[in-house]
Amino acid sequence: MNRIEVILTLDMENLPDNFPEILKEEQEIVAKWKTDGCIEHLYLREERNGAVLIFKDVDVAQVKELMQQLPFYKLSKSIEYLNLIMQF
């Protein structure tokens, strides 16, 4: 079972006026991913400038495609992808 951590940082200085609507759409997409089983966890960053997502049982290429579906993808300042190895 592989895990991929994605660290999303938003460009907080250039948020559009309709940010609340974009946030709602973002939450709906992530909820569907949870239902589909491809995302394990979503953590909001303490600074409230992004999130950390933990994907499971998908490869990096699939995760990058999924991330491009998010409305916040276009508002991001940076996105980091980290392959994780679970230690037993």
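All told, Leu66 falls short of being touching a Ser or Thr at 6+ places or on another chain (Cβ under 8 Å), open to solvent by less than 60 Å² (accessible area, probe 1.4 Å), at pLDDT 95 or above and of a type outside the set (Ser, Thr, Tyr).
Of all residues in the range 57-83, those that are within 24 Å of Pro20 (Cα to Cα) have Cβ atoms under 7 Å from Cβ atoms of residues that are open to solvent by 70 Å² or more (accessible area, probe 1.4 Å) and in a helix (DSSP H, G or I), 6 or more apart or on another chain, in Met67/Tyr73; Pro71/Glu25. Restricting the first member to the range 5-27 and to residues that are touching a residue at least 40 places away in the same chain (Cβ under 8 Å) and part of a helix (DSSP H, G or I), and the second to residues that are among the polar types (S, T, N, Q) and open to solvent by 80 Å² or more (accessible area, probe 1.4 Å), no beta-carbon pair is closer than 6 Å while six or more apart or on different chains.
Any residue that is open to solvent by 60 Å² or more (accessible area, probe 1.4 Å) and either polar (S, T, N, Q) or in contact (Cβ under 8 Å) with a residue 60 or more places away in the chain (or both) - is there at least one of those in the range 38-48? Looking for residues that are open to solvent by 60 Å² or more (accessible area, probe 1.4 Å) and either polar (S, T, N, Q) or in contact (Cβ under 8 Å) with a residue 60 or more places away in the chain (or both), one finds none in the range 38-48, hence no. For the range 10-25, the criterion of a residue being of a type outside the set (Lys, Arg) and within 10 Å of the chain's Cα centre (by Cα) is satisfied by no position.
The values are calculated or read from the model by the stated rules, or taken from the named source; none is laboratory data. If you're wondering where the values come from, they're calculated on a predicted model, not measured in any experiment. Neighbour counts are summed over all protein chains in view; Cβ atoms, including those assigned to glycine, are modelled from backbone coordinates with ideal geometry. Calculation scope for accessible area: heavy atoms of the full protein, side chains included, ligands and nucleic acids excluded. Shrake-Rupley method; radii C 1.70, N 1.55, O 1.52, S 1.80 Å.
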